[in-house]
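Just so you know, all these numbers are worked out from the coordinates, no wet-lab data involved. No experiment lies behind these values; they were computed from the predicted model shown. Because the Cβ atoms are built from the backbone with ideal geometry, glycine has one as well, and the counts that use them run over all protein chains shown.
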Amino acid sequence: MPAMSGKRAFLELLKQEGVEILFGNPGTTELPLMDALAVENELRYVLALQEASVIGMADGYAQASGKLAVVNLHVTPGLGNAMGMLYDAQKAGSPILVTAGQHDQDFNTTEPILWADLPPIARPFVKWSAEVHRLADLPRLLHRAAKTALAPPTGPVFLSLPGDILKAEGEVDLLAPTRVAAQLRGDPAAVKHAATVLAEAKRPLIVAGDAVARSKAHAELIELAELIGAPGRQTRFAAAAGAGARRRRQRHVYLPGVVDRGARAHRRGVRHPQQQLLPHSQTALSGATRARCAGRPLCWHGAQRSDDRLCRAGALAWGRSGTRHHRA
C-alpha cells in the first residue's frame, strides 16, 4: 500500500471516481486541502464567494453532465449557508458529494467556535451522511458516498472531513469504485398491468417527469405516445434534466412543450386522474375530464384517431397556443 497524506488520498480517490471539478468556498479547516490542490494538475477547483452559490453550481453541473459533482464547504456555518440549495439538489435528485472541513478531533471535545456535529445537520437533505474518524476509513467512506449518490434514485450525500484526517500520513489502501446498475428491468406483472391500463384508457394524457430524461428514454416515450395516441407534456424538472434531448424532442407532435405541475391550467385539466401508473418523477397517465377550449374539439397533426374524446385530450395538452393543431 502506498504511503500518503489524507489530503492527497482524498484527491486521488476523487480522480478514481471520475471527478474533474471541485466546487468550494474554503476556510481554515480546508487549508490542508488547499495545499494539496496547489500542486494538483488534474482537478479543477472552482471558487465561489458564498456556499449557496457553491451548491447551485454543483447542482447545475450534476444535472447537465450526469456526473458526480463534489463540493467542499467550511465547517458548521458553511454547511448552514448551503442548506437551502442543498434542499433544491435533493428535490432534483442531483448526485453531489458534499464535504465539509471539521476541526481536529482531539479539539472537538472542547466544543470550539464553528464546531457542531455535522452529519446530523446534513442528514435531512441527503441520502447518506457520515464523518471520517480514521485515515484508513477514508477510501471506504468516500467510495460509499460516491456509490450512494449515483445509485438510483440519485441524490446528494455528505461526508465530514476532520483536519487531523487530512493532515495524517500513513499507508492507505485506496480500494476501487463500485456502482449500482442504473438500468433496471420492471416487474413483469406490473408492466403487464400498466399495459392493460394503457390499452383501456379512454382519454390518455402523458406527463413525463425527469426520470425519462435521466434514463435517456425520450425515444421510448414518443413511441408509447404514438402507439396509444396520447398527447404528452414534459414537466419543468424533466426539461432541466434532459436539456439537450429536450430541444430535439419538443418539436415532436406528441411532445409540444413543457408544463408546470403546479400550473392552474394543468391542475384544472387533470383534476380527476383515472390511473397513475408511475407517480412522482416518472410518467403519469390520467383521464382528461375537460378540454381547455370550451368544448371546441381540436385535433393535432399525426393523430391516429380523430374521435371527439381524443380531440378533447389533444385540446387539453395543446391549449390555445395554436401550435400544430386545427379545428376538427
Local electrostatic count at THR178 - Lys and Arg +1, Asp and Glu -1, tallied over other residues with Cβ under 13 Å: +3
Please give the contour-minus-distance gain from LEU114 to LEU175: 0.36 nm per residue of separation, less the Cα-Cα distance, rounded to one decimal in nm. 18.7 nm
With 10 angstrom as the radius, rank LEU166, LEU205 by how many other C-beta atoms surround their C-beta, starting from the fewest. LEU205, LEU166
Ranked list, fewest to most other Cβ atoms within 10 Å of each Cβ, for THR29, THR196, THR76: THR196, THR76, THR29
Within segment 56-71, which residues have the backbone N less than 18 Å from the label spot 7 Å out from LYS91 along Cα→beta-carbon, could you tell me? 56-64
Phi angles of segment 129-138, converted by Karplus (6.51 cos²θ - 1.76 cosθ + 1.60, θ = phi - 60°) into ³J(HN,Hα) in whole Hz with x for Gly and Pro, give 8, 7, 10, 7, 10, 9, 4, 5, 8, 4
Per 0.36 nm of contour for each residue apart, how much would the distance between ALA3 and ASP35 grow if the chain were fully extended, relative to their Cα-Cα spacing? 9.8 nm
Once phi is turned into ³J(HN,Hα) by the Karplus curve 6.51 cos²θ - 1.76 cosθ + 1.60 with θ = phi - 60°, what whole-Hz value does each residue of segment 154-165 show in order, with x for glycine and proline? 5, x, x, 9, 9, 9, 8, 10, x, x, 5, 5
With the cut-off at 31 Å, tell me which of the pairs LYS67/LYS202; LYS15/LYS216; LYS67/LYS192; LYS91/LYS202 have Cα atoms farther apart than that. LYS67/LYS202; LYS67/LYS192; LYS91/LYS202
Given a Förster radius of 51 Å and the C-beta distance between ALA219 and LEU47 as r, what FRET efficiency does 1/(1 + (r/R0)^6) yield to the nearest 0.05? 0.80
When the expected Rg is taken as 2.2 N^0.38 Å, what fraction or multiple of it is the alpha-carbon Rg of segment 3-171? 0.93
